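Colleague: The structure under discussion is supplied below as structure tokens; questions concerning it will follow.
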Amino acid sequence: MTTDILRLPSTPFGRRSLLRGACGALALGTLPGLAQAASGPASETVLRIADYKALDGLALDASGNAGSSFRSQFAEFASGNLIVEAINAGSIDVGSSSEIPPAFGIAAGARLSIVAVVKDDVNWQVVLVPPGSPIQSVADLKGRRVGYVRATTTQYYLARMLGEAGLRFTDIQAISLTPSEGQAAFEQGALDAWAIYGYSVPFAIKKGARVLVTSNGYLSGNYLYLASPDALADPGKSAAIGDYFLRLRRAFAWRAANLERWAQVHSTAIGVPVETDLEILRKNSRQRDLAPIADADIASAQNVADTFHQLGVLPKRIDIAPAFDRRFTDILSRPLS
């Protein structure tokens, strides 16, 4: 197998720019390095895969599952929104995102299919309060300054938490910030609480922050693997996607069984202390896995879309069910050898 890796710049992405034009530099065929790598015999199947820094491609390499009879090209993206754009533009064949970007893509008329579900952690998506804060419950957030990242899982689980406490999003002083902006505001005392995810959480905790509540029970933990309808219609590319999913399942099983080794590889790739990486992995609500689509997964994605519509962020209500395609159920269900 030949694997070509292209790292794309971290480009800010807002809701208004969804599916803009032909995706500019994200139209991978316009990038000489990747365009040349993609050239070759007309009969060769080349699967163009969107990935994030040190995620699925690294798991394949570390676990020894990178080899395939199909040729793969990995392109590194900064967000699921950009992956939706690239799939719609025909620049990428397959890639993953949270449940949120596909909803916005479908609302904007994007051509995409949802073909598999990644099951992952929810314990590290939380609401934090500063050291010594008097806030003891979500209900105490009423009237408080709460940071979050707009149109992401943080806005979704924060809205659900508030609703459960009998509050609306408008009952708090909701402040939309990027993760780096949120960190600065939180550390400077400009926020009473912060809905945030990932490595920001353990780093804030080490500085004295307290977890008010985790998203466990509010988030599904689902991340969706998306594919281009054109790639699915191509027998060679469809077979390559199935092969990719099978190898990913093996890689995820290896990762779950070798957390210390994975933490060493992963922490080096992203530049964080191995102890921090291992702490996160050991305290995950579940280890990363790839699963076939179930009715509950469709219902979860629909609930996410409906919530963002109710919040006034998604411009119209959508029916997300037609975007789900279960053709890989057998590959995603069979016992691993």
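The values are calculated or read from the model by the stated rules, or taken from the named source; none is laboratory data. All values reported here derive from a predicted model rather than from experimental measurement. Backbone-built Cβ (ideal geometry, glycine too); neighbour counts: all protein chains shown. For the accessible areas, the whole protein counts, side chains as well, though only heavy atoms, and no ligand, DNA or RNA atoms are used. Shrake-Rupley method; radii C 1.70, N 1.55, O 1.52, S 1.80 Å.
Colleague: Local charge sum around Ser337 (other residues, Cβ-Cβ under 15 Å, Lys/Arg +1, Asp/Glu -1)?
Modeller: Here the count lands on +2.
Colleague: A further question follows. 222 nm [θ] for the chain, helices only, -39500 (n - 2.57) per DSSP H run of 4+, per residue, to 500?
Modeller: Counting only the DSSP helices, I get -11500 deg cm²/dmol.
Colleague: Provide the net charge surrounding Ile172, with neighbours chosen by a C-beta distance below 10 Å and charges set as Lys +1, Arg +1, Asp -1, Glu -1.
Modeller: Every neighbour counted, the sum reads +2.
Colleague: Something else about it: Sequence gap at least 6, Cα distance under 8 Å: using those rules, report the relative contact order of the range 68-206 to the nearest whole percent.
Modeller: Reported as a whole number, the value is 25 percent.
Colleague: Can you run phi through the Karplus equation (6.51, -1.76, 1.60; θ = phi - 60°) for the range 242-251 and list ³J(HN,Hα) in whole Hz, with x for Gly and Pro?
Modeller: 3J(HN,Hα) across the range 242-251, in whole Hz: x, 5, 4, 5, 5, 5, 5, 4, 5, 5.
Colleague: For Phe74, list long-range residues whose amide hydrogen, built 1.01 Å from N in the peptide plane, is under 5 Å from its own amide hydrogen.
Modeller: HN-HN under 5 Å from Phe74: Asp4, Ile5, Leu6, Ile49.
Colleague: Please list the non-local residues whose amide H lies under 5 Å from the amide H of Asn216, H modeled 1.01 Å from N, same-chain partners needing a gap of 5 or more.
Modeller: Hits under the 5 Å cutoff: none.
Colleague: Let me ask another. How large a share of the accessible area of the range 61-128, in percent, is made up of carbon and sulfur atoms when the probe is 1.4 Å and the other protein chains stay in place?
Modeller: The computed percentage sits at 42.
Colleague: Set the bar at 29 Å for Cα to Cα. Now go through Lys53/Lys206; Lys142/Lys206; Lys53/Lys142; Lys119/Lys142; Lys53/Lys119 and name every pair that lies beyond it.
Modeller: Lys53/Lys142; Lys119/Lys142
Colleague: Which whole-angstrom value gives the distance between the alpha carbon centres of the range 55-106 and the range 137-209?
Modeller: Comparing the Cα centres of the range 55-106 and the range 137-209, I get a distance of 29 Å.
Colleague: Between Ala299 and Thr329, 0.36 nm times their residue separation minus their Cα-Cα distance comes to what?
Modeller: Residue separation times 0.36 nm, minus the Cα-Cα distance, leaves 9.0 nm.
Colleague: Another question, if that's okay. Within a Cβ distance under 15 Å of Ala227, other residues only, what is the Lys/Arg minus Asp/Glu net charge?
Modeller: -3
Colleague: Quick one: 3J(HN,Hα) in Hz for the range 309-318, Karplus 6.51/-1.76/1.60 with θ = phi - 60°, rounded, Gly and Pro as x.
Modeller: Taking θ as phi minus 60°, the curve returns 5, 5, 6, x, 8, 8, x, 8, 6, 10 Hz for the range 309-318.
Colleague: If eta is 0.692 mPa s and T is 37 °C, what Stokes-Einstein diffusion coefficient results for the range 32-177, Kirkwood Rh from Cα pairs, in µm²/s?
Modeller: It comes out at roughly 178 µm²/s.
Colleague: Calculate the radius of gyration of the Cα atoms of the chain to one decimal place, then report Dmax, the largest Cα-Cα distance, as a whole number, both in Å.
Modeller: According to the Cα coordinates of the chain, Rg and Dmax are 20.0, 66 Å.
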